[in-house]
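The values are calculated or read from the model by the stated rules, or taken from the named source; none is laboratory data. Bear in mind the structure is a predicted one, so any value in this text is a computation, not a measurement. Here Cβ is always computed from backbone atoms with ideal geometry, including for glycine, and neighbour counts include all displayed protein chains.
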Amino acid sequence: MPLMKIILAAPRGFCAGVNMAIESLDLTIKAFGKPVYVYHEIVHNKYVVDTFKSKGAVFVDHLEEVPEGSTLLFSAHGVSPAIRKLARDRKLTAIDATCPLVTKVHLEAIKFAKEGYTIVLIGHEGHDEVIGTMGEAPEAIVLVESQAEIDALPFDDTTKLAYLTQTTLSVDDANRIIRGLKARFPQIVGPPKEDICYATQNRQEAVHLLAEEADIVLVLGSQNSSNSQRLKEIAKEHGKPAYLIDGAQDIHGEWFSDAQTVLITAGASAPESVVQEVVEYLRDRFGAAVESRSIRSEDVHFPLPRELRNLTISAK
């Protein structure tokens, strides 16, 4: 009998938005040559970022770092109108790899603001996606991420209010905040369709359903990945030791002293190669056997940015 059982959760890893952003950057480097500048990390994953640095991508947090006339890619998390304007002013060739699901939230913010709503954005302060969304209508948006912050809001029942959410939140946490907002402000309205992305929901659902069978949970993803952090938190809510790691090099053998069953999943920006490295580590060290468990199928594909579509056609 194997010494350890691995439950390999599915869906896991790259979502359609991450696949599109990574393909976009790869194609941009091939088409325009290096360096290609990227505003913020293309996705929140150390392995992916380091791989692209070796290919000629330069990641920047300020457009002033980008020489005028250079090629610039906007990351999957989206940017504000002010950043787009600055890119034009600096005569940059800008390619927009924003995830369409993030763009949806931006458009909802613009619509609500034009209709005179004050928008309560549910999200994490300082996250790239939140910064970009708030930049669409900064005078009309306030950010909350806790019941205490809801209680502190200065509005009354005559205020025209709407809510939006960051796409990578915990579904449970977001619903809790939405319930709190509706309890305090019965007049508040939301988007026609929820904002939390399909991939975030599916990966969270898998951990909810499978964590009970495991003694320990490993989440592949980087510390600054919001959706990966949520997966770790969900596992802990089920009373399981859970660790968020970039790869096998982060594993500590003592984690498994009492573990017979290990659940492995990956955030939406973590590549499958790092998942398989962890699987091989556990096979080699503990004789682990793997059982794949899929709780939902995914078949979503997002088109490349329009600036790159003709390049793809010509490359064929």
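Where residues in the range 119-133 are buried (at least 20 other Cβ atoms within 10 Å of the Cβ) and of a type outside the set (G, A, S), which of them is farthest from T168 (Cα to Cα)? By that ranking, first place goes to I119. Out of all the residues in the range 165-193, which are surrounded by 17 or more Cβ atoms within 10 Å (Cβ to Cβ) and more than 16 Å from the chain's Cα centre (by Cα)? Hits for the range 165-193 are I177, I178, G180, L181, F185, I188, G190, P191. Taking the range 48-104 as the range and being more than 17 Å from the chain's Cα centre (by Cα), part of a loop (DSSP other than H, G, I, E, B) and either surrounded by 18 or more Cβ atoms within 10 Å (Cβ to Cβ) or among the hydrophobic types (A, V, I, L, M, F, W, C) (or both) as the test, the residues that pass are V66, S70, L92.
Find the residue count for the range 219-234, including only residues that are over 12 Å from the mean Cα position of the chain (by Cα) and among the hydroxyl-bearing types (S, T, Y). Before the answer, list the steps.
Step one: of the range 219-234, the residues over 12 Å from the mean Cα position of the chain (by Cα) are 219-220, 232-234.
Checking the rest, the ones that are also among the hydroxyl-bearing types (S, T, Y) come to none.
Matching residues across the range 219-234 total 0.
Exactly one residue among G180, G132 is part of a helix (DSSP H, G or I), touching a His at 6+ places or on another chain (Cβ under 8 Å) and not assigned by TED's automatic domain parsing to the domain that holds V60, and that residue is G132.
The single condition from (1) outside the structural domain of E23 (by TED's automatic domain parsing); (2) surrounded by fewer than 23 Cβ atoms within 10 Å (Cβ to Cβ); (3) out of contact with any Phe, Trp or Tyr (no Cβ under 7 Å at 6 or more places or on another chain); (4) outside any helix (DSSP H, G or I) that K111 fails is (4).
Can you say whether D172 is farther than 30 Å from W255 by Cβ and either outside any strand (DSSP E or B) or modelled with pLDDT under 95 (or both), as far as the supplied structure shows?
On the way: farther than 30 Å from W255 by Cβ: no; either outside any strand (DSSP E or B) or modelled with pLDDT under 95 (or both): yes.
No.
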